[in-house]
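Participant: Structure provided below as structure tokens; questions to follow.
The values are calculated or read from the model by the stated rules, or taken from the named source; none is laboratory data. Computed from a predicted model, the values in this text were never measured in an experiment. We place every Cβ from the backbone using ideal geometry, glycine too, and count neighbours over all the protein chains shown.
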């Protein structure tokens with residue numbers, strides 16, 4: 001994601017009256033967040049090629065989960081503006 005995409009998301013959320021600060025607190029208790037945090041803690045002390053492999057595997061899992069989530073959200077979107085925004089995220 002780049003700064004332009006971030007700005008589009010923030011703008012859309014503001015227009016819809018979404019409190020992203022409240023959403024962030026909710027996300028930090030989410031299972032995916034906890035899994036990612038635990039994975040990152042598991043990398044402490046790992047060095048060299050093993051670190052690289054584990055980090056890339058974790059990044060791939062995280063990206064795949066995000067792509068799947070955005071794909072499902074786009075399929076369920078009823079707002080054309082949101083659907084377009086989600087399509088942009090998948091490019």
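Participant: Residue 53: assigned to a helix (DSSP H, G or I), farther than 25 Å from residue 13 by Cβ, without any contact (Cβ under 8 Å) to a residue 24 or more places away in the chain and under 13 Å from the mean Cα position of the chain (by Cα), yes or no?
Facilitator: Against the criterion (assigned to a helix (DSSP H, G or I), farther than 25 Å from residue 13 by Cβ, without any contact (Cβ under 8 Å) to a residue 24 or more places away in the chain and under 13 Å from the mean Cα position of the chain (by Cα)), residue 53 does not qualify.
Participant: Could you tell me which of the residues 68, 35 is without any contact (Cβ under 8 Å) to a residue 12 or more places away in the chain, surrounded by 10 or more Cβ atoms within 10 Å (Cβ to Cβ) and touching a helix residue (DSSP H, G or I) at 6+ places or on another chain (Cβ under 9 Å)?
Facilitator: Exactly one of 68, 35 is without any contact (Cβ under 8 Å) to a residue 12 or more places away in the chain, surrounded by 10 or more Cβ atoms within 10 Å (Cβ to Cβ) and touching a helix residue (DSSP H, G or I) at 6+ places or on another chain (Cβ under 9 Å), namely 35.
The rows are residues; the columns are (1) surrounded by 12 or more Cβ atoms within 10 Å (Cβ to Cβ); (2) at positive phi.
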site: 17; (1), (2): no, yes
site: 52; (1), (2): no, no
site: 62; (1), (2): yes, no
site: 76; (1), (2): no, no
site: 90; (1), (2): no, no
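Participant: Can you spot a residue in the stretch 22-32 that is modelled with pLDDT of 80 or more and either in a loop (DSSP other than H, G, I, E, B) or over 14 Å from the mean Cα position of the chain (by Cα) (or both)?
Facilitator: Within the stretch 22-32 (the criterion being modelled with pLDDT of 80 or more and either in a loop (DSSP other than H, G, I, E, B) or over 14 Å from the mean Cα position of the chain (by Cα) (or both)), the answer is no, since none of the residues qualifies.
Participant: Right, another one. Restricting to the stretch 38-49, and then to whatever is modelled with pLDDT under 95 and in a helix (DSSP H, G or I), can you tell me which residue is surrounded by the most Cβ atoms within 10 Å (Cβ to Cβ)?
Facilitator: Out of the qualifying residues, it is 39.
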